[in-house]
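The structure appears below as structure tokens.
Taken together, the values in this text are just the output of simple stated rules run on the coordinates, not laboratory data. Bear in mind the structure is a predicted one, so any value in this text is a computation, not a measurement. A quick note on method: Cβ atoms are made from the backbone with ideal geometry, for glycine too, and the neighbour counts reach across all protein chains shown.
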């Protein structure tokens, strides 16, 4: 197997190339075929009813129509601890943000729930200040179980609507009796929605959408993206061109949703590089409020570029400064340290 390195991103090619020429330039892996131009979908007022009578609305975070898609989403902190696997609701989140909770160590997740009104979400973990800018960028109501002193101090400013399991307003959270604490904290979309309404939070969503491109495989070959978090938090996103989607594994095991028994499957994988420094034995600080290198995978192609926090939202652009489009559907964002390896392999 031959490995080729581009900056901090590796890809490997095994065996003989498939029919058709491959070339790499400007940070993108291409096949010499005609590709539709990227198009931008602007969130509109389009609404309709499904067969069950539910009100469908455009969701700017997925680019799809879904039940109450124009409502504010919930950003829920989730555990990456091996003992907490399998997680409930992880495959139903519209966006997941993952980053180190300790430098060179365990990661943590924040699931963004909007389109699927998930019946059980957990296990829920504490707030970390690094995730708060992401929650705000998605205009989400933040759900957590306590938190670090940095996160709790930031939440005291009331700049971000939040629901904390420690005071547990309106029974938004509960503990399961079949799991040991602290891995038995759970909630549901309905519980969070009811608590948010009673707390008087704004429920109408105002999140900005992303440019969208067509859902069309660029390369007729399967692929793998290996994200080099330390074991057992290392992740793989395996791409199948026939479904044009990426399924996730962690520590060599499929990332399964305990509620649905389905593997996590997304349309977009975004790698963000950001420095992490340890500020105490229990907490680190990830620099996610500036800008840095980014790599976007969708439609079976790799696009190198940059991420940047502009105002309250994160934008992703190619090396020429043009906005990168996402395929409509779910997205996984992995924030990695500058020295962590990401390996792209053609199968």
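Just to confirm my numbers, what's the Cα centroid distance between region 106-171 and region 206-235 in Å?
24
Mind ranking 291-298, 62-69, 92-99 by how tightly packed they are, going by the mean number of other C-beta atoms within 10 angstrom, highest first?
Packing order, densest peptide first, comes out as 92-99, 291-298, 62-69.
Kirkwood Rh over Cα pairs of region 54-198 into Stokes-Einstein at 10 °C, 1.306 mPa s: D in µm²/s?
The calculation lands on 105 µm²/s.
Just subtract the alpha-carbon distance of residue 310 and residue 204 from 0.36 nm times their residue separation and send over the number in nm, one decimal.
Length gained, residue 310 through residue 204: 35.9 nm.
Using 18 Å as the cut-off for backbone N distance, which residues of region 126-143 belong to the label zone defined by a point 7 Å from the Cα of residue 280 along Cα→Cβ?
Residues 126-132 qualify, since their backbone N sits under 18 Å from the label point.
What is the gain in length, in nm to one decimal, between residue 290 and residue 261 on full extension, counting 0.36 nm per residue of separation less the C-alpha to C-alpha distance?
Going from the current span to full extension adds 6.7 nm.
Take residue 102, project a point 7 Å from its Cα along the Cβ direction, then tell me which residues of region 260-282 have their backbone nitrogen under 15 Å from it.
Answer for this model: 277-282.
State, as an integer percentage, the relative contact order of region 54-198 based on alpha-carbon contacts under 8 Å between residues 6 or more apart.
With pairs under 8 Å counted, the relative contact order is 23 percent.
In whole percent, what relative contact order does region 90-157 give with Cα contacts below 8 Å and a gap of six or more residues?
Here the relative contact order equals 27 percent.
Once fully extended, how much extra length lies between residue 180 and residue 253, figured as 0.36 nm per residue of separation less the alpha-carbon to alpha-carbon distance?
Extending this stretch completely gives an extra 24.1 nm.
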